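Undergrad: This structure is in structure tokens; I'll ask about it shortly.
The values are calculated or read from the model by the stated rules, or taken from the named source; none is laboratory data. Note that the structure is predicted; figures quoted are calculated from it, not measured. Methodologically, a virtual Cβ is constructed for each residue, glycine included, from the backbone with ideal geometry; neighbour enumeration extends over all protein chains shown. Heavy atoms of the whole protein, side chains included, go into the accessibility calculation; ligands, DNA and RNA do not. Shrake-Rupley method; radii C 1.70, N 1.55, O 1.52, S 1.80 Å.
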Amino acid sequence: SVSMPADDPRTKGTFIHDFLAKTTIFPNSMDEVENLISEVDEDRKGRLRTAFRTILKEESLQPFFAPDANVRNEINILDQNGEQHRPDRIVFLEDKVMVIDYKTGQPHPQYEQQVETYCALLREMGYRNVDSRILYV
């Protein structure tokens, strides 16, 4: 792959995406966010703070980022053709399954299709009431 300078927006976007996708236990406050991102380069902290703040203040997202949420991050799901699909975050609640995907660019119809594919695969696996949210961070 082509190496890009660290301040390239795509590199930064990928970093933000990967950081969020690897965060299983989500911070509940900005203090906890600061602890979580303490090792991160100064120039990337701003974007992460903004992303976490957006998620923390969105009331409707709280159940999917609760400390006790049953979460699977970046698991591979194989479809019938043996292709791998990798949702960023799947949250299993008592009455529903929520697929959350992080995107750092502009909204795109392809993203909606991608997330709908994840939902369809989970339904095929027998889960009921599967929903999804794309979070632009």
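Undergrad: Which log10 I(q)/I(0) values does segment 16-75 give at q = 0.21, 0.22, 0.31 Å⁻¹ under the Debye formula, counting every alpha carbon as one identical point scatterer?
TA: Results for segment 16-75 at q = 0.21, 0.22, 0.31 Å⁻¹ read -0.84, -0.92, -1.52.
Undergrad: Now, a different point. Per residue of the chain, what 222 nm ellipticity follows from adding -39500 (n - 2.57) for every DSSP H run with n ≥ 4, rounded to the nearest 500?
TA: Working: 4 runs with 53 residues, N = 137.
Value at 222 nm, helices only, nearest 500: -12500 deg cm²/dmol.
Undergrad: Moving on to the next point. At 0.692 mPa s and 37 °C, plugging the Kirkwood radius over alpha-carbon pairs of segment 60-107 into Stokes-Einstein gives what diffusion coefficient in µm²/s? Don't skip to the end; give the middle numbers.
TA: Working: Rh = 12.1 Å.
Stokes-Einstein gives a translational diffusion coefficient of 271 µm²/s.
Undergrad: Computed FRET efficiency, Cβ-Cβ of R128 and I75, R0 25 Å: what is it to the nearest 0.05?
TA: Working: r = 19 Å, r/R0 = 0.75.
According to the calculation, E is roughly 0.85.
Undergrad: Taking just the alpha-carbon atoms of the chain, what radius of gyration and Dmax come out, in angstrom?
TA: Both quantities, over Cα of the chain: 15.5, 45 Å.
Undergrad: Just want to confirm a number: the relative contact order over the chain, from Cα pairs under 8 angstrom separated by 6+ residues, in percent. Please list the in-between numbers first.
TA: Numbers: 168 pairs, mean separation 28.3, N = 137.
Relative contact order here is 21 percent.
Undergrad: Let me ask another. Report, to the nearest whole %, how much of the accessible area of segment 1-76 belongs to carbon and sulfur atoms, 1.4 Å probe, protein only. Don't jump to the answer; show the numbers that get you there.
TA: Details: 2360 of 4660 Å².
After summing per-atom areas, the C and S share lands at 51 percent.
Undergrad: Okay, moving on. Need the full-extension length gain, A120 to T50, defined as separation in residues times 0.36 nm minus the C-alpha distance. One decimal, nm. Walk me through the intermediate numbers first.
TA: Details: separation 70, 0.36 × 70 = 25.20 nm, distance 3.09 nm.
Extra length from A120 to T50 when fully extended: 22.1 nm.
Undergrad: Additional query: How many Å² of accessible area per residue for segment 1-120, probe 1.4 Å? Intermediate results must be reported in sequence, preceding the final value.
TA: Numbers: 7210 Å² over 120 residues.
Computed with neighbouring chains in place, this is 60 Å² per residue.
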